[in-house]
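Colleague: Here's a structure for you.
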Amino acid sequence: MKTELFRELPSVDELIKTQAAALLIATHGIAAVTDATRAVLARLREEIASGLLDEAGLKLALDGIAGAVEAQLRWTVGYSLRTVINATGVVLHTNLGRAPLSQEALKHIEETAGGYSNLEFEIESGGRGKRDVHVERLFGKLVDSGGQPPVSTTVVNNNAAAVLLALNSLAEGGEVIVSRGELVEIGGSFRIPDVMGKSGAVLREVGTTNRTRIADYEKAINEKTRLLLRVHRSNFEITGFTEQASTSELVKLAREKNLPLMEDLGSGALVDLESVGIGCEPSLLDSLRGGVDVVSYSGDKLLGGPQAGMISGRADLVARMRSNSLFRALRVDKLTYAALEATLLAYVKRDHGAIPALGMMRLTKDEIAARAESLAGALSSGGALRAEIIDGSSVVGGGAAPSATLPTRLLALTHSGLSADELASGLRQSDPPIVARVEDGRVLLDLRTVFPAQDEAIRAAITTIGSQSRPGS
């Protein structure tokens, strides 16, 4: 029986000569279409061999083989990295790419990356230049040490790389003193102690998980000590019976012992976020003006730019990092510099609204409610789908301001024929995919993190799903 079914399969050559294949070849080329055809036929052979296809099933599959080849072709030559609509209300959603870039950043990338640029070229002298110059001039305007030693800034590919480079440059072979309460784990199971170990520095833990005094640091200092390290607990909080040495205490101790003090700030805010209800999130300027020698932070968190790790601090210490051979392995390319330069220029111009992440955080509850009500009103009533507007909270995300929430209004969806998980799955299968939250048997969409131009795509997707009894029916 299986032998007869195998004989029913057409050859690759037969399928390539069909009219349906000719249309695909005109768009994608014969090589790609041939590969997709082979993959579809191979899958049918496997299904026959495993007994999954009988004669009726094979006939049905062969009737739709042109569509199967087209679907295979889309999967093979299409992009895996796609635009999605973030309706979760998590502004810096790590899984969804964290901070979206500004229009000026995208424009600057296109202008400088579509051809050649002066990435490492001095136009006036005609000689070789340094790539850091494109952003350090802007950091110089934004990062004021407040009377402390002059500040220099360098850029690597993320904040973990910044910590690795700084520790290797300043403490390789020596000890770094850090509180046990600050030995954090960030996303993807990356842990601060592991990064420190790779740097060649020796971790010296002091204090306890919930209480570390300045005396604990002082007692641990010895002839092997190279650096005092403070790690901002950016993705969790310790409450209750707690104590933590203040920045001023650490600065004083570092000065007395002639040791550099480094802070892994993580989120890297350049503006005061109190105005949007986000408190207790230290800024880069707070740390530098407080006397911290070196601060590392991210580009794609509260800064609102591309993925990058910045190190700002004493010029002599940053110079040591630039001369480290690791710097070349960790440096960023022209795309990152272009996006970062445009983002920093928005800060220099005080055009904070041009930075999408900051703009989202500053949206008011009433502004979000108006859009949610408009969207709910555009949906047909009386059917299987029910939409209501409820109070809720947005969060910053991305390992920043873990306890801060932003009041919002949510579009809550239920469907009489679909579970909440099925409804959420249907939204994810839309084009573009819509990612929402599922809570208490409802699908919740928070328009804080949805660009207004995407509202219509959400309405269309919900309307389509609302007419179904099961996803895909």
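Colleague: May I ask you to list the residues in the range 7-32 that are over 43 Å from the mean Cα position of the chain (by Cα) and of a type in the set (S, T, N, Q)?
Modeller: Ser11, Thr18, Gln19 - these are the residues of the range 7-32 that are over 43 Å from the mean Cα position of the chain (by Cα) and of a type in the set (S, T, N, Q).
Colleague: Quick one: which of Glu439, Glu388, Glu373 is under 27 Å from Lys301 (Cα atoms), acidic (Asp, Glu) and outside the structural domain of Val271 (by TED's automatic domain parsing)?
Modeller: Working: Glu388 fails: under 27 Å from Lys301 (Cα atoms); Glu373 fails: under 27 Å from Lys301 (Cα atoms).
Exactly one of Glu439, Glu388, Glu373 is under 27 Å from Lys301 (Cα atoms), acidic (Asp, Glu) and outside the structural domain of Val271 (by TED's automatic domain parsing), namely Glu439.
Colleague: Six or more apart or on different chains, Cβ under 6 Å: which pairs go from a residue in the range 160-180 that's on the phi > 0 side of the Ramachandran plot to one that's at pLDDT 95 or above and not in a helix (DSSP H, G or I)? Could you list them?
Modeller: Short answer, once both residue conditions are applied: none.
Colleague: Is it true that Pro432 is under 25 Å from Leu81 (Cα atoms) and at pLDDT 95 or above? Walk me through it before giving the result.
Modeller: Values: under 25 Å from Leu81 (Cα atoms): yes; at pLDDT 95 or above: no.
For Pro432, the condition - under 25 Å from Leu81 (Cα atoms) and at pLDDT 95 or above - is not met.
Colleague: Quick one: in the range 259-291, of everything that is among the acidic types (Asp, Glu) and in a loop (DSSP other than H, G, I, E, B), which residue is farthest from the chain's Cα centre (by Cα)? Before the answer, list the steps.
Modeller: Taking the range 259-291 as the starting set, the residues that turn out to be among the acidic types (Asp, Glu) are 263-264, 272, 274, 281, 286.
Imposing the further condition that a residue be in a loop (DSSP other than H, G, I, E, B) reduces the set to 272, 281.
Numbers: Asp272: 22, Glu281: 19 Å.
Top of the filtered list is Asp272.
Colleague: Would it be correct to say that Ala404 is under 26 Å from Ala357 (Cβ atoms) and surrounded by 14 or more Cβ atoms within 10 Å (Cβ to Cβ)? Spell out how you get there, then give the answer.
Modeller: Details: under 26 Å from Ala357 (Cβ atoms): yes; surrounded by 14 or more Cβ atoms within 10 Å (Cβ to Cβ): yes.
Yes.
Colleague: Residues that are assigned by TED's automatic domain parsing to the domain that holds His232, farther than 30 Å from Leu410 by Cβ, out of contact with any Phe, Trp or Tyr (no Cβ under 6 Å at 6 or more places or on another chain) and among the β-branched types (Val, Ile, Thr): does the range 330-347 have at least one?
Modeller: yes
Colleague: Continuing with the same structure: Can you find, within the range 24-40, the residue that is surrounded by the most Cβ atoms within 10 Å (Cβ to Cβ) among those that are closer than 8 Å to Leu73 by Cα and among the small types (Gly, Ala, Ser)?
Modeller: Ala36
Colleague: So, one more: Condition first: in a strand (DSSP E or B) and at pLDDT 90 or above. Now tell me which residues in the range 207-228 satisfy that.
Modeller: Restricting attention to the range 207-228, the residues satisfying the condition of being in a strand (DSSP E or B) are 211-212, 225-228.
Result: Thr225, Arg226, Leu227, Leu228.
Residues are listed down the side, and each one gets a yes or a no for (1) small (Gly, Ala, Ser); (2) over 21 Å from Leu101 (Cβ atoms); (3) free of Cβ contacts under 8 Å to residues at least 40 places away in the same chain:
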{"position": "Arg328", "(1), (2), (3)": "no, yes, yes"}
{"position": "His352", "(1), (2), (3)": "no, no, no"}
{"position": "Ala387", "(1), (2), (3)": "yes, yes, no"}
{"position": "Ser394", "(1), (2), (3)": "yes, no, no"}
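Colleague: Shifting gears a bit: Within the range 310-361, can you find the residues that are touching a strand residue (DSSP E or B) at 6+ places or on another chain (Cβ under 9 Å) and outside any helix (DSSP H, G or I)?
Modeller: Met310, Ile311, Ser312, Gly313, Arg314, Arg331, Val332
Colleague: Would you point out which residue out of Arg459, Arg448, Arg428 is of a type in the set (Lys, Arg) and surrounded by 22 or more Cβ atoms within 10 Å (Cβ to Cβ)?
Modeller: On the way: Arg459 fails: surrounded by 22 or more Cβ atoms within 10 Å (Cβ to Cβ); Arg428 fails: surrounded by 22 or more Cβ atoms within 10 Å (Cβ to Cβ).
None of the other options fit; the residue is Arg448.
The values are calculated or read from the model by the stated rules, or taken from the named source; none is laboratory data. No experiment lies behind these values; they were computed from the predicted model shown. As a convention, Cβ positions derive from the backbone with ideal geometry for all residues, glycine included, and neighbour counts pool all protein chains shown.
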